[in-house]
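Before any comments, here is the structure.
The values are calculated or read from the model by the stated rules, or taken from the named source; none is laboratory data. Predicted model, so just to flag it, every value in this text is computed and none were measured. Note that each Cβ is placed from the backbone with ideal geometry, even for glycine, and that neighbours are counted across all protein chains shown. The accessibility values were calculated without ligands, DNA or RNA, using every heavy atom of the protein model including side chains. Shrake-Rupley method; radii C 1.70, N 1.55, O 1.52, S 1.80 Å.
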Amino acid sequence: MVNKAWKIIPRPLLETVLNNHAQHHRVPQPLILHGPRGVGKTTLILDRLLGEWNKGPHLTGYVDFAQSIKDHHPNFDGSFPWYSWSSCELPSLSSCRTQLENCLESMAHKGIKLGTISSHQIFTTLNKWHGINTALRRILNQNASKTAISDKVSSSGLWDRAVFALSARYNASEIDGVLDFQERGKTLSVDEASYLKEAVVALRLAKEVIKLQQKWRANAIADLNRSGRFSRSLANSCTDWPCLLLELISQAAEIDHFQPKLVINNVEILRNAILMEETTVCGSMSVCGSMYHDSLIWRIIALGANERCLPVILVTSDSYYSYQAFMDFGFPDIFISRETFGWAPQEAKMHMVTDYFTHSEWMVIDDVLGPNPRHLFELYVLKQSNYYQKLMDNEASTFEDIVDAYLAYLQATVVNPSMDKALMILQKFAIDAQSGKILEDKLRFGAPWRHPPSSNDPAKRKEWAKIQLMDFVQSLVNAEFGVNYLADCSLEILDDPAAVALVEVGLLYAQRDPSFFRPISKGIQRCLARWLVQKRLQLSYQNLLQYFWQRIIRGRSYRHLMLQVGYDKY
(Lines give C-alpha, C1' and ligand atoms only; values in the text may rest on other atoms or scores of the structure.)
Protein backbone atom coordinates (compact mmCIF):
# COMPACT_ATOMS: atom_id res chain seq x y z
CA MET A 1 0.00 0.00 0.00
CA VAL A 2 3.00 2.32 0.43
CA ASN A 3 3.57 4.72 -2.50
CA LYS A 4 1.10 2.92 -4.71
CA ALA A 5 0.24 4.97 -7.81
CA TRP A 6 -3.27 6.41 -7.90
CA LYS A 7 -5.32 4.75 -10.59
CA ILE A 8 -8.32 5.93 -12.58
CA ILE A 9 -11.15 3.59 -11.65
CA PRO A 10 -13.76 2.81 -14.36
CA ARG A 11 -17.38 3.90 -14.00
CA PRO A 12 -19.07 1.22 -16.16
CA LEU A 13 -22.66 2.46 -15.97
CA LEU A 14 -21.92 6.14 -16.62
CA GLU A 15 -19.37 5.30 -19.32
CA THR A 16 -21.92 3.10 -21.08
CA VAL A 17 -24.54 5.87 -21.00
CA LEU A 18 -22.12 8.44 -22.45
CA ASN A 19 -20.74 5.99 -25.04
CA ASN A 20 -24.26 5.16 -26.23
CA HIS A 21 -24.91 8.86 -26.79
CA ALA A 22 -21.56 9.50 -28.48
CA GLN A 23 -21.80 6.52 -30.85
CA HIS A 24 -24.62 8.17 -32.82
CA HIS A 25 -23.44 10.33 -35.70
CA ARG A 26 -26.31 12.79 -35.18
CA VAL A 27 -28.65 13.28 -32.21
CA PRO A 28 -31.75 15.40 -31.50
CA GLN A 29 -30.62 16.83 -28.13
CA PRO A 30 -27.42 17.97 -26.41
CA LEU A 31 -26.41 16.13 -23.24
CA ILE A 32 -25.46 17.82 -19.96
CA LEU A 33 -23.13 15.90 -17.63
CA HIS A 34 -23.40 17.66 -14.30
CA GLY A 35 -22.70 17.04 -10.64
CA PRO A 36 -20.91 18.55 -7.61
CA ARG A 37 -17.23 19.42 -7.74
CA GLY A 38 -14.74 16.67 -7.12
CA VAL A 39 -16.79 13.69 -8.31
CA GLY A 40 -14.56 13.00 -11.34
CA LYS A 41 -16.43 14.34 -14.38
CA THR A 42 -13.35 15.79 -16.12
CA THR A 43 -11.24 12.76 -15.21
CA LEU A 44 -13.88 10.47 -16.70
CA ILE A 45 -13.94 12.39 -19.98
CA LEU A 46 -10.18 12.87 -20.38
CA ASP A 47 -8.83 9.58 -19.04
CA ARG A 48 -11.57 7.10 -19.87
CA LEU A 49 -13.54 8.30 -22.88
CA LEU A 50 -11.72 10.89 -24.99
CA GLY A 51 -9.12 8.46 -26.32
CA GLU A 52 -11.76 6.00 -27.53
CA TRP A 53 -13.76 8.83 -29.06
CA ASN A 54 -10.83 9.72 -31.33
CA LYS A 55 -10.22 6.29 -32.82
CA GLY A 56 -11.16 5.16 -36.31
CA PRO A 57 -13.94 7.27 -37.82
CA HIS A 58 -14.55 9.08 -34.52
CA LEU A 59 -13.36 12.64 -33.98
CA THR A 60 -13.96 14.57 -30.76
CA GLY A 61 -13.40 18.27 -30.31
CA TYR A 62 -12.63 19.10 -26.67
CA VAL A 63 -13.00 22.66 -25.40
CA ASP A 64 -12.18 23.48 -21.78
CA PHE A 65 -12.98 27.11 -21.05
CA ALA A 66 -11.08 26.81 -17.76
CA GLN A 67 -7.79 26.66 -19.68
CA SER A 68 -7.88 30.45 -19.81
CA ILE A 69 -7.73 30.53 -15.98
CA LYS A 70 -4.09 29.50 -15.67
CA ASP A 71 -3.88 29.77 -11.88
CA HIS A 72 -6.47 27.01 -11.47
CA HIS A 73 -5.84 24.60 -14.32
CA PRO A 74 -3.81 21.34 -14.29
CA ASN A 75 -2.20 22.24 -17.64
CA PHE A 76 -0.40 25.09 -15.84
CA ASP A 77 0.52 23.18 -12.66
CA GLY A 78 -2.63 24.35 -10.91
CA SER A 79 -5.70 22.47 -9.73
CA PHE A 80 -9.40 23.02 -10.24
CA PRO A 81 -10.88 25.08 -7.37
CA TRP A 82 -13.37 23.62 -4.92
CA TYR A 83 -15.37 26.83 -5.09
CA SER A 84 -17.23 28.30 -8.06
CA TRP A 85 -15.41 29.58 -11.14
CA SER A 86 -17.19 32.90 -10.61
CA SER A 87 -14.96 33.41 -7.55
CA CYS A 88 -11.84 33.21 -9.76
CA GLU A 89 -10.48 35.77 -12.19
CA LEU A 90 -12.68 35.04 -15.18
CA PRO A 91 -11.34 35.04 -18.76
CA SER A 92 -12.45 37.40 -21.49
CA LEU A 93 -15.26 36.38 -23.81
CA SER A 94 -12.97 36.79 -26.81
CA SER A 95 -10.56 34.12 -25.50
CA CYS A 96 -13.47 31.70 -24.95
CA ARG A 97 -14.75 32.39 -28.47
CA THR A 98 -11.29 31.79 -29.89
CA GLN A 99 -11.06 28.41 -28.16
CA LEU A 100 -14.45 27.28 -29.42
CA GLU A 101 -14.01 28.53 -32.97
CA ASN A 102 -10.49 27.11 -33.36
CA CYS A 103 -11.72 23.72 -32.21
CA LEU A 104 -14.67 23.72 -34.64
CA GLU A 105 -12.50 24.94 -37.51
CA SER A 106 -10.03 22.08 -36.96
CA MET A 107 -12.95 19.62 -36.98
CA ALA A 108 -14.25 21.16 -40.22
CA HIS A 109 -10.78 20.81 -41.78
CA LYS A 110 -10.86 17.13 -40.86
CA GLY A 111 -14.22 16.81 -42.62
CA ILE A 112 -12.79 18.53 -45.69
CA LYS A 113 -9.79 16.15 -45.74
CA LEU A 114 -12.19 13.21 -45.69
CA GLY A 115 -14.13 14.74 -48.59
CA THR A 116 -17.40 15.12 -46.66
CA ILE A 117 -17.47 18.95 -46.69
CA SER A 118 -17.37 20.63 -50.10
CA SER A 119 -17.41 24.19 -51.38
CA HIS A 120 -20.97 23.72 -52.66
CA GLN A 121 -22.15 22.47 -49.25
CA ILE A 122 -20.58 25.47 -47.52
CA PHE A 123 -22.27 27.84 -49.98
CA THR A 124 -25.66 26.15 -49.62
CA THR A 125 -25.57 26.20 -45.82
CA LEU A 126 -24.35 29.81 -45.66
CA ASN A 127 -26.88 31.02 -48.23
CA LYS A 128 -29.72 29.32 -46.34
CA TRP A 129 -29.31 31.61 -43.31
CA HIS A 130 -27.60 34.74 -44.66
CA GLY A 131 -28.06 37.19 -47.49
CA ILE A 132 -24.54 37.01 -48.89
CA ASN A 133 -24.65 38.90 -52.21
CA THR A 134 -23.62 42.31 -50.83
CA ALA A 135 -20.83 40.82 -48.73
CA LEU A 136 -19.49 38.81 -51.69
CA ARG A 137 -19.46 41.90 -53.91
CA ARG A 138 -17.60 43.84 -51.22
CA ILE A 139 -15.02 41.03 -50.89
CA LEU A 140 -14.55 40.90 -54.68
CA ASN A 141 -13.99 44.67 -54.75
CA GLN A 142 -11.46 44.38 -51.93
CA ASN A 143 -9.55 41.86 -54.03
CA ALA A 144 -9.15 44.47 -56.79
CA SER A 145 -11.41 42.83 -59.33
CA LYS A 146 -11.00 44.88 -62.52
CA THR A 147 -14.07 43.39 -64.20
CA ALA A 148 -17.38 45.06 -63.43
CA ILE A 149 -19.84 42.66 -61.80
CA SER A 150 -23.31 42.67 -63.27
CA ASP A 151 -26.28 42.98 -60.93
CA LYS A 152 -27.77 39.96 -62.66
CA VAL A 153 -25.03 37.58 -61.48
CA SER A 154 -26.54 34.93 -59.17
CA SER A 155 -25.37 34.17 -55.66
CA SER A 156 -23.66 30.97 -56.81
CA GLY A 157 -21.86 32.90 -59.56
CA LEU A 158 -20.62 35.48 -57.07
CA TRP A 159 -19.54 32.67 -54.75
CA ASP A 160 -17.49 30.94 -57.47
CA ARG A 161 -15.80 34.22 -58.42
CA ALA A 162 -15.01 35.00 -54.77
CA VAL A 163 -13.56 31.52 -54.19
CA PHE A 164 -11.35 31.93 -57.26
CA ALA A 165 -10.24 35.42 -56.14
CA LEU A 166 -9.35 34.24 -52.63
CA SER A 167 -7.51 31.19 -53.98
CA ALA A 168 -5.06 33.55 -55.68
CA ARG A 169 -4.64 35.59 -52.51
CA TYR A 170 -3.93 32.77 -50.06
CA ASN A 171 -0.59 31.08 -49.72
CA ALA A 172 -0.68 27.67 -51.43
CA SER A 173 1.72 26.09 -48.95
CA GLU A 174 -0.51 27.20 -46.06
CA ILE A 175 -3.52 25.48 -47.61
CA ASP A 176 -1.41 22.39 -48.30
CA GLY A 177 -0.43 22.37 -44.62
CA VAL A 178 -4.09 22.41 -43.54
CA LEU A 179 -4.76 19.41 -45.78
CA ASP A 180 -1.53 17.53 -44.89
CA PHE A 181 -0.59 17.28 -48.55
CA GLN A 182 3.02 16.51 -47.65
CA GLU A 183 1.85 13.15 -46.33
CA ARG A 184 -1.11 12.54 -48.61
CA GLY A 185 -0.25 14.44 -51.77
CA LYS A 186 1.22 11.50 -53.63
CA THR A 187 -1.96 9.45 -53.24
CA LEU A 188 -4.35 12.14 -54.57
CA SER A 189 -5.11 12.98 -58.15
CA VAL A 190 -4.98 16.57 -59.42
CA ASP A 191 -8.78 16.79 -59.44
CA GLU A 192 -9.07 15.49 -55.88
CA ALA A 193 -6.44 17.93 -54.60
CA SER A 194 -8.18 20.85 -56.35
CA TYR A 195 -11.53 19.78 -54.87
CA LEU A 196 -10.11 19.79 -51.32
CA LYS A 197 -8.26 23.09 -51.79
CA GLU A 198 -11.43 24.71 -53.07
CA ALA A 199 -13.30 23.55 -49.95
CA VAL A 200 -10.63 25.04 -47.65
CA VAL A 201 -10.77 28.38 -49.46
CA ALA A 202 -14.58 28.28 -49.41
CA LEU A 203 -14.53 27.81 -45.62
CA ARG A 204 -12.29 30.86 -45.26
CA LEU A 205 -14.55 32.80 -47.58
CA ALA A 206 -17.56 31.94 -45.42
CA LYS A 207 -15.67 33.28 -42.40
CA GLU A 208 -14.87 36.48 -44.32
CA VAL A 209 -18.56 36.93 -45.20
CA ILE A 210 -19.71 36.49 -41.59
CA LYS A 211 -16.90 38.72 -40.33
CA LEU A 212 -17.98 41.47 -42.72
CA GLN A 213 -21.63 41.19 -41.72
CA GLN A 214 -20.70 41.37 -38.05
CA LYS A 215 -18.74 44.57 -38.67
CA TRP A 216 -21.87 46.13 -40.15
CA ARG A 217 -23.69 45.40 -36.88
CA ALA A 218 -20.90 46.67 -34.60
CA ASN A 219 -22.58 49.97 -33.70
CA ALA A 220 -25.90 48.27 -32.96
CA ILE A 221 -24.18 45.73 -30.68
CA ALA A 222 -22.23 48.47 -28.89
CA ASP A 223 -25.51 50.33 -28.25
CA LEU A 224 -27.09 47.08 -27.04
CA ASN A 225 -24.28 46.56 -24.52
CA ARG A 226 -24.53 50.15 -23.26
CA SER A 227 -28.29 50.03 -22.80
CA GLY A 228 -28.47 46.53 -21.34
CA ARG A 229 -31.33 45.54 -23.64
CA PHE A 230 -31.77 42.21 -25.41
CA SER A 231 -31.87 41.45 -29.12
CA ARG A 232 -32.09 37.88 -30.36
CA SER A 233 -30.97 38.79 -33.88
CA LEU A 234 -27.85 40.64 -32.65
CA ALA A 235 -27.03 37.86 -30.18
CA ASN A 236 -27.39 35.26 -32.95
CA SER A 237 -25.14 37.31 -35.25
CA CYS A 238 -22.29 36.84 -32.74
CA THR A 239 -22.70 33.05 -32.82
CA ASP A 240 -23.14 32.79 -36.61
CA TRP A 241 -19.65 31.42 -37.25
CA PRO A 242 -19.51 28.61 -34.65
CA CYS A 243 -23.10 27.62 -35.44
CA LEU A 244 -22.37 27.52 -39.19
CA LEU A 245 -19.41 25.25 -38.46
CA LEU A 246 -21.58 23.04 -36.24
CA GLU A 247 -24.18 22.71 -38.99
CA LEU A 248 -21.57 21.91 -41.64
CA ILE A 249 -19.89 19.28 -39.47
CA SER A 250 -23.26 17.78 -38.50
CA GLN A 251 -24.34 17.51 -42.13
CA ALA A 252 -21.03 15.87 -43.01
CA ALA A 253 -21.33 13.20 -40.30
CA GLU A 254 -21.50 9.70 -41.70
CA ILE A 255 -21.53 6.38 -39.86
CA ASP A 256 -18.19 4.51 -39.99
CA HIS A 257 -16.59 7.31 -42.00
CA PHE A 258 -16.78 10.61 -40.12
CA GLN A 259 -18.43 10.66 -36.69
CA PRO A 260 -17.66 13.99 -34.97
CA LYS A 261 -18.50 14.91 -31.38
CA LEU A 262 -18.05 18.07 -29.31
CA VAL A 263 -17.31 18.15 -25.57
CA ILE A 264 -17.45 21.55 -23.84
CA ASN A 265 -16.07 21.42 -20.30
CA ASN A 266 -16.79 24.10 -17.68
CA VAL A 267 -19.43 25.68 -19.89
CA GLU A 268 -20.49 27.98 -17.03
CA ILE A 269 -17.32 30.02 -17.59
CA LEU A 270 -18.65 31.10 -21.00
CA ARG A 271 -21.83 32.30 -19.30
CA ASN A 272 -19.82 34.45 -16.87
CA ALA A 273 -17.02 35.51 -19.25
CA ILE A 274 -16.01 39.17 -19.19
CA LEU A 275 -16.80 41.34 -22.19
CA MET A 276 -13.77 43.48 -22.98
CA GLU A 277 -13.85 46.75 -24.89
CA GLU A 278 -11.57 45.46 -27.62
CA THR A 279 -12.91 43.69 -30.67
CA THR A 280 -13.25 39.92 -30.77
CA VAL A 281 -11.36 37.35 -32.80
CA CYS A 282 -13.68 38.01 -35.74
CA GLY A 283 -12.78 41.69 -35.65
CA SER A 284 -16.22 42.84 -34.49
CA MET A 285 -18.08 43.76 -31.32
CA SER A 286 -19.76 41.04 -29.27
CA VAL A 287 -22.72 40.79 -26.94
CA CYS A 288 -22.08 39.98 -23.27
CA GLY A 289 -21.07 36.49 -22.13
CA SER A 290 -24.48 35.39 -20.82
CA MET A 291 -26.23 36.47 -24.03
CA TYR A 292 -23.60 34.75 -26.19
CA HIS A 293 -23.89 31.58 -24.07
CA ASP A 294 -27.69 31.54 -24.34
CA SER A 295 -27.65 32.16 -28.09
CA LEU A 296 -25.13 29.37 -28.69
CA ILE A 297 -27.08 26.81 -26.68
CA TRP A 298 -30.42 27.90 -28.18
CA ARG A 299 -29.06 27.33 -31.67
CA ILE A 300 -27.55 23.95 -30.76
CA ILE A 301 -30.97 22.92 -29.43
CA ALA A 302 -32.68 24.21 -32.60
CA LEU A 303 -30.20 22.43 -34.88
CA GLY A 304 -30.76 19.15 -33.04
CA ALA A 305 -34.53 19.47 -33.05
CA ASN A 306 -34.85 20.53 -36.70
CA GLU A 307 -32.08 18.69 -38.53
CA ARG A 308 -30.18 16.59 -35.95
CA CYS A 309 -26.84 17.76 -34.61
CA LEU A 310 -23.54 16.05 -33.87
CA PRO A 311 -23.40 14.81 -30.24
CA VAL A 312 -22.69 17.81 -28.00
CA ILE A 313 -21.80 17.08 -24.36
CA LEU A 314 -21.73 19.98 -21.89
CA VAL A 315 -19.79 19.23 -18.69
CA THR A 316 -20.36 21.46 -15.67
CA SER A 317 -20.27 21.65 -11.87
CA ASP A 318 -22.63 24.64 -11.74
CA SER A 319 -25.99 23.60 -10.31
CA TYR A 320 -27.70 26.13 -12.61
CA TYR A 321 -27.51 23.39 -15.24
CA SER A 322 -29.12 20.75 -13.03
CA TYR A 323 -32.61 22.30 -13.07
CA GLN A 324 -32.85 26.02 -13.76
CA ALA A 325 -31.23 25.87 -17.23
CA PHE A 326 -33.83 23.33 -18.34
CA MET A 327 -36.62 25.72 -17.39
CA ASP A 328 -34.87 28.79 -18.86
CA PHE A 329 -34.48 27.05 -22.21
CA GLY A 330 -38.02 25.74 -22.42
CA PHE A 331 -39.05 22.64 -20.48
CA PRO A 332 -37.61 20.00 -18.10
CA ASP A 333 -36.53 17.56 -20.84
CA ILE A 334 -35.02 19.96 -23.37
CA PHE A 335 -31.55 18.51 -22.62
CA ILE A 336 -30.54 14.95 -21.87
CA SER A 337 -29.54 15.10 -18.20
CA ARG A 338 -26.88 12.85 -16.74
CA GLU A 339 -26.12 13.71 -13.12
CA THR A 340 -23.28 12.03 -11.24
CA PHE A 341 -22.34 12.17 -7.58
CA GLY A 342 -19.22 10.01 -7.73
CA TRP A 343 -19.11 6.87 -5.63
CA ALA A 344 -21.55 5.55 -3.09
CA PRO A 345 -19.82 4.76 0.25
CA GLN A 346 -19.74 1.03 -0.45
CA GLU A 347 -18.25 1.54 -3.92
CA ALA A 348 -15.54 3.84 -2.56
CA LYS A 349 -14.74 1.37 0.23
CA MET A 350 -14.36 -1.45 -2.30
CA HIS A 351 -11.87 0.58 -4.38
CA MET A 352 -9.96 2.29 -1.57
CA VAL A 353 -9.59 -0.19 1.29
CA THR A 354 -6.36 -2.22 1.31
CA ASP A 355 -5.04 -0.49 -1.83
CA TYR A 356 -4.83 3.07 -0.45
CA PHE A 357 -6.24 3.08 3.08
CA THR A 358 -6.64 0.53 5.86
CA HIS A 359 -10.07 -0.44 7.12
CA SER A 360 -9.70 1.65 10.27
CA GLU A 361 -8.54 4.67 8.24
CA TRP A 362 -11.51 4.27 5.92
CA MET A 363 -13.97 4.34 8.84
CA VAL A 364 -12.58 7.76 9.82
CA ILE A 365 -12.66 9.05 6.21
CA ASP A 366 -16.22 7.86 5.62
CA ASP A 367 -17.43 9.56 8.79
CA VAL A 368 -15.60 12.88 8.26
CA LEU A 369 -15.12 13.43 4.52
CA GLY A 370 -17.38 10.96 2.73
CA PRO A 371 -16.56 9.14 -0.54
CA ASN A 372 -15.87 12.20 -2.71
CA PRO A 373 -13.09 11.05 -5.12
CA ARG A 374 -11.19 14.31 -5.01
CA HIS A 375 -11.16 14.36 -1.20
CA LEU A 376 -9.80 10.81 -1.27
CA PHE A 377 -7.09 11.67 -3.79
CA GLU A 378 -5.95 14.80 -1.94
CA LEU A 379 -5.92 12.97 1.37
CA TYR A 380 -3.89 10.13 -0.16
CA VAL A 381 -1.36 12.63 -1.53
CA LEU A 382 -1.12 14.18 1.92
CA LYS A 383 -0.66 10.73 3.42
CA GLN A 384 2.31 10.08 1.11
CA SER A 385 3.95 13.41 1.99
CA ASN A 386 6.86 14.00 4.34
CA TYR A 387 4.49 15.87 6.66
CA TYR A 388 2.55 12.68 7.32
CA GLN A 389 5.70 10.65 7.93
CA LYS A 390 6.96 13.20 10.46
CA LEU A 391 3.57 13.30 12.13
CA MET A 392 3.38 9.52 12.43
CA ASP A 393 6.87 9.37 13.92
CA ASN A 394 5.30 10.92 16.99
CA GLU A 395 3.79 8.06 18.99
CA ALA A 396 0.92 10.25 20.18
CA SER A 397 -0.22 11.03 16.60
CA THR A 398 -2.90 9.09 14.75
CA PHE A 399 -4.48 9.06 11.31
CA GLU A 400 -7.18 11.38 12.64
CA ASP A 401 -4.54 14.09 12.89
CA ILE A 402 -3.87 14.02 9.15
CA VAL A 403 -7.63 14.16 8.47
CA ASP A 404 -7.90 17.10 10.85
CA ALA A 405 -5.04 18.86 9.03
CA TYR A 406 -6.83 18.32 5.71
CA LEU A 407 -10.07 19.71 7.14
CA ALA A 408 -8.16 22.77 8.36
CA TYR A 409 -6.79 23.20 4.82
CA LEU A 410 -10.32 23.07 3.38
CA GLN A 411 -11.54 25.50 6.02
CA ALA A 412 -8.79 28.06 5.39
CA THR A 413 -8.49 27.86 1.60
CA VAL A 414 -12.00 26.95 0.44
CA VAL A 415 -14.84 27.55 2.89
CA ASN A 416 -13.79 30.74 4.67
CA PRO A 417 -12.94 32.68 1.46
CA SER A 418 -16.16 31.44 -0.15
CA MET A 419 -18.23 32.54 2.84
CA ASP A 420 -16.60 35.97 2.62
CA LYS A 421 -17.66 36.10 -1.02
CA ALA A 422 -21.20 35.08 -0.01
CA LEU A 423 -21.26 37.90 2.54
CA MET A 424 -20.40 40.35 -0.24
CA ILE A 425 -23.27 38.99 -2.35
CA LEU A 426 -25.70 39.48 0.55
CA GLN A 427 -24.44 43.03 1.10
CA LYS A 428 -25.10 43.74 -2.58
CA PHE A 429 -28.62 42.32 -2.10
CA ALA A 430 -29.15 44.80 0.75
CA ILE A 431 -28.02 47.69 -1.48
CA ASP A 432 -30.30 46.56 -4.31
CA ALA A 433 -33.24 46.17 -1.92
CA GLN A 434 -32.68 49.68 -0.58
CA SER A 435 -32.58 51.14 -4.11
CA GLY A 436 -35.75 49.29 -5.18
CA LYS A 437 -34.10 46.83 -7.59
CA ILE A 438 -35.50 43.76 -5.80
CA LEU A 439 -39.04 42.72 -6.69
CA GLU A 440 -41.58 43.20 -3.90
CA ASP A 441 -42.58 39.56 -4.19
CA LYS A 442 -39.11 38.54 -2.98
CA LEU A 443 -39.49 40.85 0.02
CA ARG A 444 -42.94 39.60 0.91
CA PHE A 445 -44.34 39.60 4.44
CA GLY A 446 -42.69 37.02 6.66
CA ALA A 447 -39.47 36.67 4.67
CA PRO A 448 -36.49 36.55 7.09
CA TRP A 449 -34.51 38.82 4.77
CA ARG A 450 -37.34 41.38 4.36
CA HIS A 451 -35.74 44.14 6.46
CA PRO A 452 -32.20 44.92 5.28
CA PRO A 453 -30.57 48.02 6.81
CA SER A 454 -32.12 51.24 5.55
CA SER A 455 -28.95 53.28 6.18
CA ASN A 456 -25.91 53.53 3.91
CA ASP A 457 -23.54 52.38 6.67
CA PRO A 458 -21.37 49.54 5.23
CA ALA A 459 -20.69 48.19 8.74
CA LYS A 460 -24.41 47.68 9.42
CA ARG A 461 -24.90 46.02 6.04
CA LYS A 462 -22.02 43.65 6.81
CA GLU A 463 -23.47 42.79 10.23
CA TRP A 464 -26.90 42.16 8.67
CA ALA A 465 -25.37 39.95 5.96
CA LYS A 466 -23.41 37.92 8.52
CA ILE A 467 -26.51 37.33 10.67
CA GLN A 468 -28.52 36.33 7.60
CA LEU A 469 -25.85 33.86 6.52
CA MET A 470 -25.52 32.42 10.03
CA ASP A 471 -29.30 32.09 10.24
CA PHE A 472 -29.38 30.20 6.96
CA VAL A 473 -26.53 27.84 7.88
CA GLN A 474 -28.23 27.17 11.22
CA SER A 475 -31.46 26.31 9.39
CA LEU A 476 -29.45 23.90 7.21
CA VAL A 477 -28.00 22.28 10.34
CA ASN A 478 -31.51 21.89 11.77
CA ALA A 479 -32.63 20.33 8.48
CA GLU A 480 -29.61 17.98 8.56
CA PHE A 481 -28.09 19.68 5.49
CA GLY A 482 -30.71 18.33 3.13
CA VAL A 483 -33.51 20.56 1.80
CA ASN A 484 -35.91 19.60 -0.99
CA TYR A 485 -36.33 22.83 -2.96
CA LEU A 486 -39.23 21.47 -5.04
CA ALA A 487 -41.17 20.06 -2.08
CA ASP A 488 -44.80 21.27 -2.01
CA CYS A 489 -44.04 23.10 -5.29
CA SER A 490 -43.40 26.21 -3.18
CA LEU A 491 -39.89 27.03 -4.47
CA GLU A 492 -39.60 29.30 -1.42
CA ILE A 493 -35.94 28.55 -0.76
CA LEU A 494 -35.01 29.72 -4.27
CA ASP A 495 -35.91 33.28 -3.19
CA ASP A 496 -33.62 33.16 -0.15
CA PRO A 497 -30.62 35.41 -0.94
CA ALA A 498 -28.42 33.41 1.45
CA ALA A 499 -29.21 30.16 -0.38
CA VAL A 500 -28.58 31.82 -3.75
CA ALA A 501 -25.26 33.21 -2.48
CA LEU A 502 -23.98 29.85 -1.23
CA VAL A 503 -24.98 28.17 -4.48
CA GLU A 504 -23.29 30.94 -6.46
CA VAL A 505 -19.98 30.58 -4.61
CA GLY A 506 -20.14 26.82 -5.08
CA LEU A 507 -20.45 25.48 -1.52
CA LEU A 508 -24.02 24.26 -2.01
CA TYR A 509 -25.21 22.20 -4.95
CA ALA A 510 -28.83 22.16 -6.14
CA GLN A 511 -29.15 18.68 -7.57
CA ARG A 512 -31.79 17.62 -10.07
CA ASP A 513 -33.05 14.20 -9.05
CA PRO A 514 -34.00 14.11 -6.26
CA SER A 515 -34.28 17.90 -5.99
CA PHE A 516 -32.17 18.74 -2.95
CA PHE A 517 -29.94 21.58 -1.84
CA ARG A 518 -26.91 20.09 -0.15
CA PRO A 519 -23.20 20.82 0.47
CA ILE A 520 -20.98 19.56 -2.34
CA SER A 521 -19.40 16.99 0.02
CA LYS A 522 -19.52 15.79 3.60
CA GLY A 523 -16.15 17.45 4.22
CA ILE A 524 -17.47 20.83 3.07
CA GLN A 525 -20.58 20.26 5.21
CA ARG A 526 -18.40 19.78 8.27
CA CYS A 527 -16.48 22.97 7.42
CA LEU A 528 -19.75 24.92 7.13
CA ALA A 529 -20.73 23.79 10.62
CA ARG A 530 -17.29 24.83 11.88
CA TRP A 531 -17.71 28.23 10.25
CA LEU A 532 -21.03 28.73 12.05
CA VAL A 533 -19.52 27.85 15.43
CA GLN A 534 -16.54 30.11 14.82
CA LYS A 535 -18.72 33.09 13.86
CA ARG A 536 -21.00 32.61 16.86
CA LEU A 537 -17.99 32.68 19.18
CA GLN A 538 -16.77 35.91 17.54
CA LEU A 539 -20.08 37.79 17.94
CA SER A 540 -20.18 40.74 20.29
CA TYR A 541 -22.88 40.81 22.95
CA GLN A 542 -25.02 43.21 20.90
CA ASN A 543 -24.64 41.16 17.71
CA LEU A 544 -25.41 37.98 19.64
CA LEU A 545 -28.70 39.51 20.78
CA GLN A 546 -29.46 40.47 17.15
CA TYR A 547 -28.69 36.91 16.06
CA PHE A 548 -31.00 35.41 18.69
CA TRP A 549 -33.70 37.92 17.69
CA GLN A 550 -33.33 36.83 14.09
CA ARG A 551 -33.51 33.14 15.00
CA ILE A 552 -36.49 33.43 17.37
CA ILE A 553 -38.63 36.09 15.68
CA ARG A 554 -37.72 36.02 11.97
CA GLY A 555 -35.57 32.91 11.68
CA ARG A 556 -35.62 30.52 8.76
CA SER A 557 -36.95 27.01 9.16
CA TYR A 558 -36.69 24.50 6.34
CA ARG A 559 -37.37 21.35 8.33
CA HIS A 560 -40.58 20.79 6.38
CA LEU A 561 -38.40 20.46 3.26
CA MET A 562 -36.03 17.90 4.78
CA LEU A 563 -34.71 14.80 3.04
CA GLN A 564 -36.98 11.79 3.07
CA VAL A 565 -36.22 9.12 5.63
CA GLY A 566 -33.71 6.63 4.31
CA TYR A 567 -32.29 8.82 1.53
CA ASP A 568 -28.48 8.68 1.48
CA LYS A 569 -27.19 12.19 0.78
CA TYR A 570 -23.74 10.96 -0.14
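Shape annotation for the chain: C-alpha extents along the principal axes are 88, 61, 41 Å, from largest to smallest.
Applied to segment 42-55, the Karplus parametrisation 6.51 cos²θ - 1.76 cosθ + 1.60 on θ = phi - 60° returns per-residue 3J(HN,Hα) values of 5, 4, 4, 5, 6, 9, 10, 10, 4, x, 5, 7, 10, 9 Hz, with x for Gly and Pro.
Measuring spread by the Cα atoms of segment 1-92 yields a radius of gyration and Dmax of 15.6, 49 Å. Using a probe of 1.4 angstrom and keeping all protein chains present, the accessible surface of segment 316-441 works out to 48 square angstrom per residue.
Please work out the FRET efficiency for the pair residue 193 and residue 50, using the Cβ-Cβ distance as r and a Förster radius of 25 Å; give the result to the nearest 0.05. Mind dumping the intermediate values first?
Working: r = 32 Å, r/R0 = 1.27.
Efficiency, from the Cβ-Cβ distance: 0.20.
Relative to the dominant Cα principal axis of the chain, helix 373-383 is inclined by about 70°.
Using the Cβ of residue 287 as centre and a radius below 13 Å, the other residues enclosed give a net charge of +3, where K and R count +1 and D and E count -1. A crude spin-label estimate for the pair residue 431 and residue 515, with each label 7 Å from Cα along the Cβ direction, gives 3.3 nm.
In segment 288-396, the inverse of the mean reciprocal separation of distinct Cα atoms equals 17.8 Å; this is its Kirkwood hydrodynamic radius. Projected label points at residue 413 and residue 541, each 7 Å from Cα along the beta carbon direction, are separated by 4.1 nanometres. Extension gain, residue 180 to residue 529: 0.36 nm times the residue separation minus the Cα-Cα distance gives 119.7 nm. Along segment 552-560 the Karplus relation, 6.51 cos²θ - 1.76 cosθ + 1.60 evaluated at θ = phi - 60°, assigns HN-Hα couplings of 7, 8, 10, x, 6, 8, 10, 5, 6 Hz to successive residues, with x for each Gly and Pro. What residues of segment 261-276 lie in the reach of a label at residue 220, counting those whose backbone N is under 17 Å from a point 7 Å from the Cα along Cα→Cβ? Counting only backbone N, you get no residues.
Once the Cα-Cα distance is subtracted from the 0.36 nm per residue extended length, the residue 405 to residue 106 segment shows a gain of 103.0 nm. The calculated Kirkwood hydrodynamic radius for segment 419-561 is 15.5 Å, given to one decimal from all distinct C-alpha pairs.
Legend: distances between Cα atoms for 442/462; 110/211; 390/421; 41/70; pairs beyond 27 Å are 390/421.
Estimated at the nearest 10 Å², the accessible area of residue 549 is 140 Å² with a 1.4 Å probe. Using 1/(1 + (r/R0)^6) with R0 = 35 angstrom and r between the beta carbons of residue 424 and residue 336, what's the FRET efficiency to the nearest 0.05? So the FRET efficiency works out to roughly 0.45. Summarising the amide proton neighbourhood of residue 483: residues at separation of 5 or more, or on other chains, whose placed amide H is nearer than 5 Å comprise 517.
So, how do all the Cα-to-Cα distances of segment 345-397 break down into 5 Å bins, in percent, from 0 on up? All Cα pairs, binned at 5 Å, distribute as 4, 19, 30, 25, 15, 7, 1 percent. The residue 478 and residue 306 beta-carbon pair, evaluated with R₀ = 60 Å, returns a calculated FRET efficiency of approximately 0.75.
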